[in-house]
């Protein structure tokens with residue numbers, strides 16, 4: 001083989017190797033860019049979702065605690081119907097109920113934001129938690145009406161109220177798990 005042909009073949013092989021390396025490097029850079037764009041997209045979804053889920057959870061929890069405080073005060077009022085503290089206990093129960101009612105708009109707004117942010121598993125869990133909380137609040141309302149009428153809170157109503165609170169809290173925990181699962185999936 002003559003030296004001119006060897007030089008041309010050597011240059012051709014070198015050019016092909018350099019070109020091949022450049023193609024591989026470009027493909028790797030493109031892949032890295034896609035991964036970076038996906039990661040940024042997940043991060044852009046995660047932050048508003050997290051804020052929405054936390055706002056809903058905090059408002060829901062505050063409403064549950066106020067309703068539970070009203071429930072406790074009602075039970076105390078029913079047990080102390082003949083004592084001078086009865087009116088004060090009934091007023092405290094009413095105040096807690098009113099404070100819980102005042103969170104209605106904020107909770108509805110927080111739930112609407114959860115609906116917008118999604119996904120369906122979290123919106124379904126927030127729906128269930130809100131429904132169970134409403135059921136519990138109805139039981140507390142029934143007890144409040146009974147105490148105001150001078151009726152005792154019987155064992156059946158007491159049990160139903162406590163079961164409704166427990167069911168609401170379990171639904172709340174399911175919401176938290178669903179939200180955590182979604183946010184965990186968004187981790188980079």
Practice task
May I ask you to say which residue of 61, 87, 120 is out of contact with any helix residue (DSSP H, G or I) (no Cβ under 9 Å at 6 or more places or on another chain) and more than 18 Å from residue 157 (Cβ to Cβ)?
Solution key: 120
Fill in the blank from the handout: Exactly one of 90, 64 is surrounded by 20 or more Cβ atoms within 10 Å (Cβ to Cβ), on the phi < 0 side of the Ramachandran plot and at pLDDT 95 or above, and that residue is 64
Practice task
Kindly establish whether residue 70 is surrounded by 15 or more Cβ atoms within 10 Å (Cβ to Cβ), at pLDDT 90 or above and out of contact with any strand residue (DSSP E or B) (no Cβ under 6 Å at 6 or more places or on another chain).
Solution key: yes
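Is it the case that residue 82 is under 18 Å from residue 148 (Cβ atoms), within 28 Å of the chain's Cα centre (by Cα) and either at pLDDT 70 or above or assigned to a loop (DSSP other than H, G, I, E, B) (or both)?
no
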Practice task
Tell me, yes or no, whether region 19-41 has at least one residue that is modelled with pLDDT of 70 or more and within 20 Å of residue 142 (Cβ to Cβ).
Solution key: no
Handout entry: Residues of region 119-137 that turn out to be over 18 Å from residue 68 (Cβ atoms) and without any contact (Cβ under 8 Å) to a residue 60 or more places away in the chain, as a count
Key = 6
Practice task
For region 85-102, indicate whether the set of residues that are within 24 Å of the chain's Cα centre (by Cα) and in contact (Cβ under 8 Å) with a residue 60 or more places away in the chain is non-empty.
Solution key: no
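Among the residues of region 167-181, which ones are farther than 18 Å from residue 118 by Cβ and touching a residue at least 24 places away in the same chain (Cβ under 8 Å)?
Initial filter on region 167-181 (farther than 18 Å from residue 118 by Cβ): 167-173.
Result: 167, 168, 169, 170, 171, 172.
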Exercise for the section: With the condition kept exactly as written, say whether any residue in region 177-185 is surrounded by fewer than 13 Cβ atoms within 10 Å (Cβ to Cβ), over 16 Å from residue 131 (Cβ atoms) and modelled with pLDDT under 85. Expected result: yes
Problem - Residues of region 105-118 classified as under 24 Å from residue 167 (Cβ atoms) and in contact (Cβ under 8 Å) with a residue 12 or more places away in the chain, total - result: 5
Fill in the blank from the handout: Among the residues of region 138-166, the number that are in contact (Cβ under 8 Å) with a residue 60 or more places away in the chain and either within 20 Å of the chain's Cα centre (by Cα) or over 16 Å from residue 93 (Cβ atoms) (or both) is 1
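The values are calculated or read from the model by the stated rules, or taken from the named source; none is laboratory data. From a predicted model like this one, the values you see are computed outputs, not experimental measurements. Methodologically, a virtual Cβ is constructed for each residue, glycine included, from the backbone with ideal geometry; neighbour enumeration extends over all protein chains shown.
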